[in-house]
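The values are calculated or read from the model by the stated rules, or taken from the named source; none is laboratory data. Just so it is clear, the structure is predicted and the values come from calculations on it, not from any experiment. Every residue, glycine among them, receives a Cβ derived from its backbone with ideal geometry; neighbour counts consider all protein chains shown.
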Amino acid sequence: MNKKLLQIGFTLLEVMVVIAIIGILSAVVVVNYASVKEAARDDIRKADLKSLQLALKLYKAQNGVYPDAGCGEATYWTGPGTHSNGFGGNLTDCPEYIVGLVPEFIGELPTDPNKESEIDKGYIYHVNGTHDAYKVLVNGSVETKFVTSFENEFARCPKNYSNGWCGAVPDPSVYAIYSAGAEDW
């Protein structure tokens, strides 16, 4: 009588193939997860801007003007992050970058979900001297949902302004909301 040996288990080659397949699938999932997180942060930025836009309109409806920029009158653009002087005025690190909105008109002023600690990136606000025009930028933070035309509702300008900051094409890494009179800031 012949005895057949039963082999139970896997060969080394089979184990190596399974490990390689799991590694490839894990890499695909990690890469996709990172891009989904970037897109989600862009959606957060857009939602924050819509909330700020509503809060600013409500503030103006109640007070007749748009609110002051935070950190005193010496500033031109203000924001919660660290900014250089590259925006045509003095930029400061100012957590309350829009005065008077919190808590009556908005729960808290938004900050960038990823880039606020990087120089010249994140939310910044400017109001003109008569407080009848404003612009809020999410500057240099856009990760995947770029602004590709002036028709985009978050484009810095509604069209090509030859005398403003807008240039011939929109800045793809900037989202903006603004009132009439602030189109080309």
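One residue is enough: does the stretch 102-112 have a residue meeting the conditions acidic (Asp, Glu), farther than 23 Å from Lys57 by Cβ, modelled with pLDDT under 95 and touching a strand residue (DSSP E or B) at 6+ places or on another chain (Cβ under 9 Å)? Within the stretch 102-112, not a single residue is acidic (Asp, Glu), farther than 23 Å from Lys57 by Cβ, modelled with pLDDT under 95 and touching a strand residue (DSSP E or B) at 6+ places or on another chain (Cβ under 9 Å). I'm checking my understanding of the structure. Among residues of the stretch 135-156 that are among the polar types (S, T, N, Q) and surrounded by fewer than 22 Cβ atoms within 10 Å (Cβ to Cβ), which one is nearest to the chain's Cα centre (by Cα)? Per the stated criteria, the residue is Thr144. The listed residues are Val65, Val31, and the only one of them that is modelled with pLDDT under 90 and among the hydrophobic types (A, V, I, L, M, F, W, C) turns out to be Val31. Per the conditions (1) over 18 Å from Lys50 (Cα atoms); (2) in contact (Cβ under 8 Å) with a residue 24 or more places away in the chain, the sole criterion not satisfied by Gly129 is (2). Would you check if there is a residue in the stretch 45-58 being surrounded by 11 or more Cβ atoms within 10 Å (Cβ to Cβ) and either farther than 30 Å from Leu137 by Cβ or over 22 Å from the mean Cα position of the chain (by Cα) (or both)? Within the stretch 45-58, one or more residues are surrounded by 11 or more Cβ atoms within 10 Å (Cβ to Cβ) and either farther than 30 Å from Leu137 by Cβ or over 22 Å from the mean Cα position of the chain (by Cα) (or both). From the list Ile98, Ile177, Ile119, exactly one residue is aliphatic (A, V, I, L, M), in contact with a helix residue (DSSP H, G or I) (Cβ under 6 Å, 6 or more places away or on another chain) and either touching a residue at least 60 places away in the same chain (Cβ under 8 Å) or farther than 23 Å from Ala39 by Cβ (or both). Which is it? Residue meeting the stated conditions: Ile177.
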